[in-house]
Amino acid sequence: MNSTSTSALAGYQFTRGMADDDIAALASVATHVKMPARHRLFEEGGTADRFWLIQAGRVALDMHVPGRGRVVIEALGMGDVIGWSWLYPPYQWRLGAVAMQPTQAFEIDGAKVREMCAADPGFGYELTRRFLVIVVNRLQATRSRLLELDAHPADWP
């Protein structure tokens, strides 16, 4: 990726305060992508091999709930990070994701980032620390949404 892309990655809350070399490393394995509305980024249970930094648009995270079908857990937009399952074995998506509207993002190759983490433990620690915040937030959102489902079953499709 070029320096403009490195600068664009540096503008995210996720990368704020990260060393310039670490941002450049992420940029080197990132691709700018455009997704139409209703494009499914990944399915729950599928192989997790990448993550995204949303530049524009909205993406819904969903999960299959027995007796209910797909349930939206959280909607993410500009500046948000989608995907953490690529970082932790067994590298399977814990949720699904679909573009709610046309979306632009930086798609980052998870396998290559894992290699970078193994080669540079400091980079690996920094990235893991940042993704742990995302994991905790997603677990809380999932918990809240499922409690809402239990409390108000008539409100769900």
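Structure summary
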read-out	value
Unit charges at the beta carbon, dipole of the range 73-126: most positive-side option, Phe106, Ala75, Pro89	Pro89
Ratio Rg/Rh [Cα only; Rh per Kirkwood] for the chain	0.99
Residue-averaged 222 nm ellipticity for the chain, from DSSP H runs of 4+ at -39500 (n - 2.57), nearest 500	-12000 deg cm²/dmol
Per residue accessible area of the chain, 1.4 Å probe, in Å²	53 Å²
Percent accessible area from carbon and sulfur atoms, the chain, protein chains only, probe 1.4 Å	54 percent
Cut-off 15 Å between beta-carbons: net charge of the residues surrounding Val113, Lys and Arg +1, Asp and Glu -1	-3
P(r) weight above 14 Å for the range 1-67, C-alpha pairs, percent	66 percent
Electrostatic dipole magnitude of the chain [Cβ: Lys, Arg +1; Asp, Glu -1; Cα centre; debye, to 20]	340 debye
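The values are calculated or read from the model by the stated rules, or taken from the named source; none is laboratory data. Keep in mind that this is a model prediction, so the values were computed, not measured. Using ideal geometry, Cβ is built from the backbone for each residue, glycine included, and neighbour counts are taken over all protein chains shown. The area values use the complete protein model at the heavy-atom level, side chains included, leaving out ligands, DNA and RNA. Shrake-Rupley method; radii C 1.70, N 1.55, O 1.52, S 1.80 Å.
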